[in-house]
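Here is the structure we will look at, set down as C-alpha cells.
The values are calculated or read from the model by the stated rules, or taken from the named source; none is laboratory data. This one's a predicted model, so the numbers in the text were calculated from it and none came from an experiment. Here the Cβ positions follow ideal geometry from the backbone for every residue, glycine too, while neighbour counts run over all protein chains shown. These accessible areas exclude ligands, DNA and RNA; they are computed on the full protein's heavy atoms, side chains included. Shrake-Rupley method; radii C 1.70, N 1.55, O 1.52, S 1.80 Å.
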Amino acid sequence: MDKKMTGIVAYITWIGLLIAILAGDKEGAKFHVNQALVIFLFGLLGVIPYIGAIWSIFIFVCWIIGLIAAINEEEKEVPLIGKIRLLK
C-alpha cells in the first residue's frame, strides 16, 4: 500500500490500524498511523460513566479530522491529543 492508502486504512477500525502497521508504508504514513493509534487508545476512555459520552464525541470529531487529513495527504494534528507520539 502507498502512503495515502496506509494513512486512510489506519483510521478505519483497529483492524485497519493493524493492517497499516504490518503491511503498509510505515515510513511514509507514520504520522497518520501514530495519530490513529493515539485516537484509538484515548477512545477507550469513552467507557467512563457520564464523562465518557462527551469524551466519545470529542474522539469521534478527532477521528473525522484525522481521516480527512489522511485523504488530503496533510499532516494535521488532531486537537489536544495530536502531539502525543507513540511510534518513533
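Condition test on LYS76, is it of a type in the set (Lys, Arg), in a loop (DSSP other than H, G, I, E, B) and modelled with pLDDT under 90? So LYS76 fails the test. The single condition among (1) open to solvent by less than 80 Å² (accessible area, probe 1.4 Å); (2) at pLDDT 90 or above that ILE15 does not satisfy is (1). Figure legend. Inter-residue proximity from region 11-35: first residues closer than 14 Å to GLU73 by Cα, second residues open to solvent by 10 Å² or more (accessible area, probe 1.4 Å) and acidic (Asp, Glu), beta-carbon distance below 7 Å, spacing 6+ or different chains. Indicated pairs: ASP25/ASP2; PHE31/GLU75. Report the residue count in region 46-73 for those that are open to solvent by 100 Å² or more (accessible area, probe 1.4 Å) and either outside any loop (DSSP other than H, G, I, E, B) or under 20 Å from GLU27 (Cβ atoms) (or both). Looking only at that region, the number is 6.
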